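Peer 1: Take a look at the following structure, please.
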Amino acid sequence: MAADSKTETADLLIEIGTEELPPKALRKLELAFAAGITSGIETARISIGEHRSFATPRRMAVLIHDVGLQQPVEIIEKRGPPLKVAYDTDGNPTRAARAFAEKCGTTVDKLQNLETSKGAWLTFSGESSGAATADLLPAIVNQALAALPIPRRMRWGNGDAEFVRPVHWVLMLLGNAVVPGEILGKPAGNITRGHRFHAPEPIPVAAPADYESLLTNSSKVIPCFENRRQRVQELAEAAGTKAGGTAVYDGDLLDEVTALVEWPVAVLGQFDADFLQLPEEVLIATLQEHQRYFPVRGPGNELLPCFITMSNLDSLQPEQVKNGNERVVRPRLADAAFFWKQDCAKPLSSRTEKLKQVVYQQGLGSLYDKSERIAKLCEKLAEAVGADVAASVRAATLCKADLLTEMVGEFPELQGRMGAYYASNDGEPDPVSTAIQEQYLPRHAGDALPGSPEGRCIALADRLDSLAGIFTLGKRPSGNKDPFGLRRAALGVLRILIEKDIDLDLPAILGEAITLQPEREAFMGGLLNPRLGEDLYGFLLDRLRAYYLDGLAPGLPGGEISAEMFESVRARSPSSPLDFQHRISAVHRFMKLPEAESLAAANKRIANILKNADPGAQSDVDPTLFEADQERRLYEVVEKLRTGHSAGLAARDYTKVLCHLSALRAPVDDFFDSVMVMADDAQLRANRLALLSQLRRLFLDVADLSLIPARQSTS
């Protein structure tokens, strides 16, 4: 829509043209830039419609429809000094009145009086016409750019502008008019640029709505990241089919390749089939991580001796492009084959001694020391995990040795996996090599867990040692800083224990891990903090809280577990995360029952009554002292539930326990409706308190339901 005096809104287009932006950060920068622009405009009280963002290696842009051309009229009302202060005894304006009028941009005679029951004041009423959007936009754009998540900014030329890459042009159109202003040292205009080689000449943009089609149809640029990503995926899949297989890719690879090209063109290349003798992880890492190529799998899921790359231009000599990529990948694969041959020439166990020369962490010894501690923890963990002790200890001894191999030195992401290959090559038993491979699982939230008992054993031991060691040094995470990845390690421990049904006394094994840490500088003068184990366990419980509240726990999706539900179980201090899972699942199911709301409220009432009662009151109930049928009925139901209650607790069938306790709803409600607990007679009062105490203990055997607000018990 044209931006003239008769229109109230117009489309807005902002584009920042740069040198090639970092591919792994491009999508994040695009979305942050669009969010910053739209937020800035809305903060300025300017109306906007729908928006779209764009990003290629050489640009970030945002198109916003129906942007208001001016801030709306704003009614201004200000209260000034009291009338008795505003005028002197002769009725002349005082200095206070004149200062208030000047502040409001008017004169005293144009101010009004406001009289209320609380007094009278001098006031000002007016309106502000608001600023033009075009006048506000340069500051909004500069502010959005300054707020982008860029760890390190750079300067270029002789100017003072700083950005992630040098800026070459700025386009800023409101309707069909250029918004005057300077962005990162460049004057805004209506010029964009197409593909660096196919359309290098400046391209004027007449209106924001023309932007995408102008670049796509005549300039060999697909500006929309999502559209270009879809195109890359389609081209890769078609090339894979042409090669007689299927292209191998994940979301991260698609995003990175999309961020490297403006006009993707698939190129199918080949490499020597002899390289297929390498472990397939090595081939994939070489092609994907180093070259951003797509490997190809055949009909039997085997890797084929070919790859797919995305060229950033439509070459007149595609064979030359193909040959060039093949020349690049050949030495990469040759290096990998050399590393594989060198590493296999000597057994993995021969490298463990050299781990003594590699510092794990100052104060915590070498990688050799860490391996020894992991092995000792595996001895403690094996039975609970169901793992073979000898295999677990052997795997722990070898688990860090592959860090000294040539292959892992070149491909750090293959640590553990290469260790498994080398262990198998040395004739180590399968449980040992599998455990070495699985020690790093899960690597991130949602990642697979170790599949073998020995793998789970070593994965737990490794993380527990890291947690204990870094906490011993007093370097626990703070705020957003977690340089040692302890939050990830803690979540990994909890996921393995809960999702693999491992019943483990976590505080006890944490104590073992702490005891194994070096006894020197790490203990602050040789004295270990006596509360270190408690602090570390609290840290894991905090991660467990996030695990439930974020909906990561099995069978408990997001929004199902409240903070109060979590605290109700935490109050019982279960030492086993698996036991915690059983309890909180039971509370979750119980709170959906129709009886839950009443019983949750009763628990809170009972807790408050007992909190103010004599702590030395009797604990046994004397049925002969009952005066009301309601207290007798409640006692009978409680006694009837005891046998099944104990059996349910012993079997950890907490859901069954709480469901049985739901039978208490009616007698509990009747009891509170008819019985005065705090009777004047001391003997009656003590007996009724004892009955309530027994009732509360039945619920406390699972969780402290008094911590859950009644409103959360609705299904």
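Peer 1: Pairs under 7 Å by beta carbon, first residue modelled with pLDDT of 95 or more in region 368-395, partner of a type in the set (Phe, Trp, Tyr), six or more apart or different chains?
Peer 2: Asp369/Tyr360; Lys370/Tyr360
Peer 1: Let me ask you something else. Could you tell me whether any residue of region 159-175 is surrounded by fewer than 15 Cβ atoms within 10 Å (Cβ to Cβ), in the same structural domain as Ala61 (by TED's automatic domain parsing), modelled with pLDDT of 95 or more and within 23 Å of Thr56 (Cβ to Cβ)?
Peer 2: Looking through region 159-175, at least one residue is surrounded by fewer than 15 Cβ atoms within 10 Å (Cβ to Cβ), in the same structural domain as Ala61 (by TED's automatic domain parsing), modelled with pLDDT of 95 or more and within 23 Å of Thr56 (Cβ to Cβ).
Peer 1: Would you tally the residues in region 418-452 being surrounded by 21 or more Cβ atoms within 10 Å (Cβ to Cβ), closer than 30 Å to Ala553 by Cβ and of a type outside the set (Ser, Thr, Tyr)?
Peer 2: Residues flagged as surrounded by 21 or more Cβ atoms within 10 Å (Cβ to Cβ), closer than 30 Å to Ala553 by Cβ and of a type outside the set (Ser, Thr, Tyr) within region 418-452 amount to 7.
Peer 1: Considering only region 442-452, I want to know if a residue exists there that is in a helix (DSSP H, G or I), in contact with a helix residue (DSSP H, G or I) (Cβ under 7 Å, 6 or more places away or on another chain) and of a type outside the set (D, E, K, R).
Peer 2: The answer is no; no qualifying residue exists.
Peer 1: Output the number of residues of region 523-554 satisfying the condition of being outside any helix (DSSP H, G or I), among the hydrophobic types (A, V, I, L, M, F, W, C), at pLDDT below 90 and surrounded by 13 or more Cβ atoms within 10 Å (Cβ to Cβ).
Peer 2: Final tally of qualifying residues: 1.
Peer 1: For Gly427, state whether it is at positive phi and in contact (Cβ under 8 Å) with a residue 12 or more places away in the chain.
Peer 2: Criteria not met by Gly427.
Peer 1: Any residue that is in contact with a helix residue (DSSP H, G or I) (Cβ under 8 Å, 6 or more places away or on another chain), under 30 Å from Gly300 (Cβ atoms), surrounded by 20 or more Cβ atoms within 10 Å (Cβ to Cβ) and in contact (Cβ under 8 Å) with a residue 24 or more places away in the chain - is there at least one of those in region 224-235?
Peer 2: yes
Peer 1: Exactly one condition in (1) in a loop (DSSP other than H, G, I, E, B); (2) modelled with pLDDT of 95 or more; (3) surrounded by 14 or more Cβ atoms within 10 Å (Cβ to Cβ) is not met by Leu137; state its number.
Peer 2: Failing condition for Leu137: (1).
Peer 1: Against the conditions (1) out of contact with any Leu (no Cβ under 6 Å at 6 or more places or on another chain); (2) surrounded by fewer than 17 Cβ atoms within 10 Å (Cβ to Cβ); (3) in contact (Cβ under 8 Å) with a residue 24 or more places away in the chain; (4) closer than 19 Å to Pro554 by Cα, where does Ala508 fall short? Just the number, please.
Peer 2: Checking Ala508 against (1) out of contact with any Leu (no Cβ under 6 Å at 6 or more places or on another chain); (2) surrounded by fewer than 17 Cβ atoms within 10 Å (Cβ to Cβ); (3) in contact (Cβ under 8 Å) with a residue 24 or more places away in the chain; (4) closer than 19 Å to Pro554 by Cα, the one that fails is (4).
Peer 1: Within region 276-285, identify whether any single residue is among the polar types (S, T, N, Q) and farther than 26 Å from Arg27 by Cβ, and answer yes or no.
Peer 2: Scanning region 276-285 turns up at least one residue that is among the polar types (S, T, N, Q) and farther than 26 Å from Arg27 by Cβ.
Peer 1: Among the residues that make up region 48-62, is at least one of them of a type in the set (Asp, Glu), outside the structural domain of Leu111 (by TED's automatic domain parsing), closer than 18 Å to Trp169 by Cβ and in contact (Cβ under 8 Å) with a residue 12 or more places away in the chain?
Peer 2: As a first pass, look at region 48-62 and keep what is of a type in the set (Asp, Glu): 50.
Next, from what is left, pick out any that are outside the structural domain of Leu111 (by TED's automatic domain parsing): 50.
Now narrow it down to the ones that are closer than 18 Å to Trp169 by Cβ: none.
No; the residues of region 48-62 include none that is of a type in the set (Asp, Glu), outside the structural domain of Leu111 (by TED's automatic domain parsing), closer than 18 Å to Trp169 by Cβ and in contact (Cβ under 8 Å) with a residue 12 or more places away in the chain.
Peer 1: Ok, one more. Within region 675-697, how many residues are in a helix (DSSP H, G or I) and under 15 Å from Arg605 (Cα atoms)?
Peer 2: Qualifying residue count for the region: 10.
Peer 1: Would you check which residues across region 555-574 are within 16 Å of Leu497 (Cα to Cα) and loosely packed, with under 13 Cβ neighbours inside 10 Å and list them?
Peer 2: Within region 555-574, Gly555 is the sole residue that qualifies.
Peer 1: Which numbered condition in (1) in a helix (DSSP H, G or I); (2) crowded, with 18+ Cβ neighbours inside 10 Å is the only one that Glu379 fails?
Peer 2: So Glu379 meets the others, but not (2).
Peer 1: Ala144: more than 37 Å from the chain's Cα centre (by Cα) and either crowded, with 16+ Cβ neighbours inside 10 Å or not in a strand (DSSP E or B) (or both), yes or no?
Peer 2: Taking the combined requirement at face value, the residue does not satisfy it.
Peer 1: Please list, ordered by residue number, the strands (runs of 3 or more DSSP E) wholly in region 245-350 having 1 or more residues that are touching an Asp or Glu at 6+ places or on another chain (Cβ under 7 Å) and either closer than 27 Å to Glu406 by Cα or outside the structural domain of Leu235 (by TED's automatic domain parsing) (or both).
Peer 2: Per the criteria, 265-270, 303-311.
Peer 1: Just name the residue that is surrounded by the fewest Cβ atoms within 10 Å (Cβ to Cβ) out of those in region 195-218 that are assigned to a loop (DSSP other than H, G, I, E, B) and either at pLDDT below 95 or touching a Phe, Trp or Tyr at 6+ places or on another chain (Cβ under 7 Å) (or both).
Peer 2: Among residues in region 195-218 that are assigned to a loop (DSSP other than H, G, I, E, B) and either at pLDDT below 95 or touching a Phe, Trp or Tyr at 6+ places or on another chain (Cβ under 7 Å) (or both), the one surrounded by the fewest Cβ atoms within 10 Å (Cβ to Cβ) is Glu201.
Peer 1: Can I ask one more? Suppose the filter is in the same structural domain as Cys378 (by TED's automatic domain parsing), within 17 Å of Gly538 (Cβ to Cβ), basic (Lys, Arg) and at pLDDT below 95; does Lys475 pass it?
Peer 2: yes
Peer 1: Still on this model: Condition test on Thr89, is it touching a Leu at 6+ places or on another chain (Cβ under 7 Å), of a type in the set (Ser, Thr, Tyr) and modelled with pLDDT under 95?
Peer 2: In short, no.
Peer 1: Output the residues belonging to region 383-426 that are outside any helix (DSSP H, G or I) and among the aliphatic types (A, V, I, L, M). Talk me through it step by step, then tell me what you get.
Peer 2: Of the residues in region 383-426, the ones outside any helix (DSSP H, G or I) are 386-388, 399-400, 405, 411, 415-416, 426.
Residue satisfying the conditions is Ala387 alone.
Peer 1: Given (1) crowded, with 22+ Cβ neighbours inside 10 Å; (2) in contact with a helix residue (DSSP H, G or I) (Cβ under 7 Å, 6 or more places away or on another chain), where does Gly469 come up short, assuming only one miss?
Peer 2: (2)
This table checks each residue for (1) loosely packed, with under 14 Cβ neighbours inside 10 Å; (2) under 29 Å from Phe580 (Cα atoms); (3) in contact with a helix residue (DSSP H, G or I) (Cβ under 8 Å, 6 or more places away or on another chain); (4) of a type in the set (D, E, K, R).
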site	(1), (2), (3), (4)
Val621	no, no, yes, no
Val637	no, yes, yes, no
Lys640	yes, yes, no, yes
Tyr654	no, yes, yes, no
Cys659	no, yes, yes, no
Leu664	no, yes, yes, no
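The values are calculated or read from the model by the stated rules, or taken from the named source; none is laboratory data. Remember, predicted model here, so these are calculated numbers, not experimental data. We place every Cβ from the backbone using ideal geometry, glycine too, and count neighbours over all the protein chains shown.
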